């Protein structure tokens, strides 16, 4: 019985070992050009202006989240609600760190970070919410985190493999934002998976006890 051969058998495959010496030579030639671009090589396939714009929108979202968390932390600190206040402070500090990472990446791509108050107000996909009581503040923060998660997932998909570094930054930031959202949700809601009923966690008592003084302090 005659053996059936693969039509492509024996032929060099693009990017395969048989092409490797010529590929290495090409990479060397490309690396010798435009040295001032640093890490930006022909391997970068994304639309740089589009990525910078998305980074700036994310940056303004991080600044908005930082300010909102810090405001809520300040208001809750007056009530000696250490459990929730500590969470808000930790979240604020992590949003600040995210902003610094995005600033650095925008600079690497040759863009100008949108750090001015006007730019933050115009570009942020998240609106600043002061809140009027503890529950309202927690809900505002949870909504903001959920907005950020959707926006950052969109950016990850836009980057794909065309901008690996920016994609990895947002993947790592998303892990933290997911933790924030789940932590906030645990303060507001916790459900028994077997019954679908909300579990009394003790957080409700904390929130209710602190709500009235906070409304007075915020007014």
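The values are calculated or read from the model by the stated rules, or taken from the named source; none is laboratory data. As the structure is a prediction and not an experimental result, all values here were calculated from the model. Because the Cβ atoms are built from the backbone with ideal geometry, glycine has one as well, and the counts that use them run over all protein chains shown.
Assorted remarks:
- Candidates 141, 192, 162 - the one that is modelled with pLDDT of 95 or more and either closer than 25 Å to residue 40 by Cβ or touching a strand residue (DSSP E or B) at 6+ places or on another chain (Cβ under 9 Å) (or both): 162
- Residues of the stretch 36-62 that are in contact (Cβ under 8 Å) with a residue 40 or more places away in the chain, part of a loop (DSSP other than H, G, I, E, B) and over 17 Å from residue 167 (Cβ atoms): 38 alone.
- With respect to the conditions (1) part of a loop (DSSP other than H, G, I, E, B); (2) closer than 19 Å to residue 155 by Cβ, residue 33 falls short on a single one, namely (2).
- Reported count of residues in the stretch 3-21, each being at pLDDT 80 or above and surrounded by 10 or more Cβ atoms within 10 Å (Cβ to Cβ), is 2.
- Within the stretch 124-146, considering residues that are touching a residue at least 40 places away in the same chain (Cβ under 8 Å) and surrounded by fewer than 18 Cβ atoms within 10 Å (Cβ to Cβ), the one farthest from the chain's Cα centre (by Cα): 132
- If the condition is being crowded, with 19+ Cβ neighbours inside 10 Å and over 19 Å from residue 185 (Cα atoms), then the stretch 84-102 contributes 98, 99, 102.
- In summary, residue 49 fulfils each of the numbered conditions (1) surrounded by 12 or more Cβ atoms within 10 Å (Cβ to Cβ); (2) at pLDDT 85 or above with the single exception of condition (1).
- For the stretch 29-46, the set of residues classified as loosely packed, with under 10 Cβ neighbours inside 10 Å and at pLDDT below 80 consists of 32, 35, 36, 38, 39, listed by residue number.
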